[in-house]
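Here is the structure we will look at.
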Amino acid sequence: MPPMLGESMALGAALSWSVSLILFRRSEAITPLGMNLFKNALATALLGFTLLALGQGIPADRPAADWLKLCVSGVLGIGIADTLIFMALRRLGPARLAIVDCIYSPVIVLFSVLFLDEHVSPGFLLGAALVVGGVLLGTASAGRAPLPASERRAIAGGVALGLSGIVAMALGVMLAKRPLERSGLVEVTLVRLVAGIAFQLLWIALVPADRPALAVFRPSAAWRTLVPAAVLSAYVSMLLWLGGFKWANASAAAVLNQMSTVFTIVLARIVLGEPVTRRRALGGLVAICGAVIVVKP
């Protein structure tokens, strides 16, 4: 195995995810559920071809407990979490969502303690407090005049959706970690995606109001940004993200993943023209410092 492979993959996952968020922001003619379903379906096809090209298959002798963990992981981390994050993206924009995403590292560490019997450092509470403080600082209004009530509600709702999505994503990867250590990267990613898609299709079948999400599969102008966003987020980033957890220490992978905050804020400014206020920059810096403290051995 090449040195620093896992760490390099974790950093690559952060960059590819940040680029995909910018592209998804430009695909907002599509509903969040539709965007998530589309990216998952496209990635499933790409992963299927990758598995065939590698001459690999899905093991039939996997323990039932591992199958259950991977399927639940896919439902939580892909079927539910990504839809919530896309809903948050619509309300917050990439830069604000990037700051909310700083809660990811503390949640990963907390779940590592609860589910993987890892131990937290004494700085965990300090780091977690800094992350929460940075999120509140970076997502609050930077102007003197108060925001309209409707905008305040949209921001509060976006933060709640983003936090819920990140918690579901972290729980999903915790469930998948042990089976992932015993399995192939591509096939585990594919299994999780199939489980996520199955959940989404079941949801659409049971909730008629969400059936318009299926219209995403009709070619449209939105595909110009939606297709590359889907490839980057659900194929490239997903493989790099899980590869980071497979071949690197979980704490190191988590803090390198957190670089997506920096990448997203910079890209949102360059590509979308989103303002980087002093308050937002300070909030992002405080949150990143907290994330580093949380995962520091």
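The values are calculated or read from the model by the stated rules, or taken from the named source; none is laboratory data. Everything numeric in this text was worked out from a predicted model, so none of it was measured. Neighbour counts run over all protein chains shown; Cβ positions are idealised from the backbone, glycine included. Ligands, DNA and RNA are stripped out before the accessible areas are found, and what is left, the full protein with its side chains, is counted by its heavy atoms. Shrake-Rupley method; radii C 1.70, N 1.55, O 1.52, S 1.80 Å.
Within the bounds of region 193-203, is there any residue that is among the β-branched types (Val, Ile, Thr) and under 30 Å from Asp61 (Cβ atoms)? Write out each step before concluding.
Taking region 193-203 as the starting set, the residues that turn out to be among the β-branched types (Val, Ile, Thr) are 194, 197.
Pick out the ones that are also under 30 Å from Asp61 (Cβ atoms) and you get 194, 197.
Yes, because at least one residue in region 193-203 is among the β-branched types (Val, Ile, Thr) and under 30 Å from Asp61 (Cβ atoms).
Ala229 - would you say it is buried (at least 22 other Cβ atoms within 10 Å of the Cβ) and at pLDDT 80 or above? So Ala229 fits the description; yes. Taken residue by residue, region 196-211 has no member that is touching a Ser or Thr at 6+ places or on another chain (Cβ under 7 Å), buried (at least 17 other Cβ atoms within 10 Å of the Cβ), farther than 22 Å from Arg91 by Cα and modelled with pLDDT under 90. Filtering Leu47, Leu70, Leu51 for residues that are open to solvent by less than 80 Å² (accessible area, probe 1.4 Å), under 11 Å from Glu187 (Cβ atoms) and in contact with a Pro (Cβ under 7 Å, 6 or more places away or on another chain) leaves a single hit, Leu70.
State which residue pairs qualify: first residue within 12 Å of Pro94 (Cβ to Cβ) and inside region 253-279, second residue open to solvent by 60 Å² or more (accessible area, probe 1.4 Å) and part of a loop (DSSP other than H, G, I, E, B) in any location, beta carbons under 7 Å apart, and separation of 6 or more residues or different chains. Going by the 7 Å Cβ cut-off, the qualifying pairs are Ile265/Val276; Arg269/Val276. Within region 54-64, the set of residues being over 12 Å from Thr189 (Cα atoms) and either surrounded by 10 or more Cβ atoms within 10 Å (Cβ to Cβ) or among the aromatic types (Phe, Trp, Tyr) (or both) comprises Leu54, Gln56, Gly57, Pro59, Arg62, Pro63.
For Gly93, state whether it is at pLDDT below 90 and closer than 18 Å to Asn257 by Cα. Criteria not met by Gly93.
For region 215-291, which fully contained helices (runs of 4 or more DSSP H) count at least 1 residues that are closer than 23 Å to Ala81 by Cα and charged (D, E, K, R)?
On the way: elements: 223-230, 237-247, 250-257, 260-267.
Those helices (runs of 4 or more DSSP H) span 237-247.
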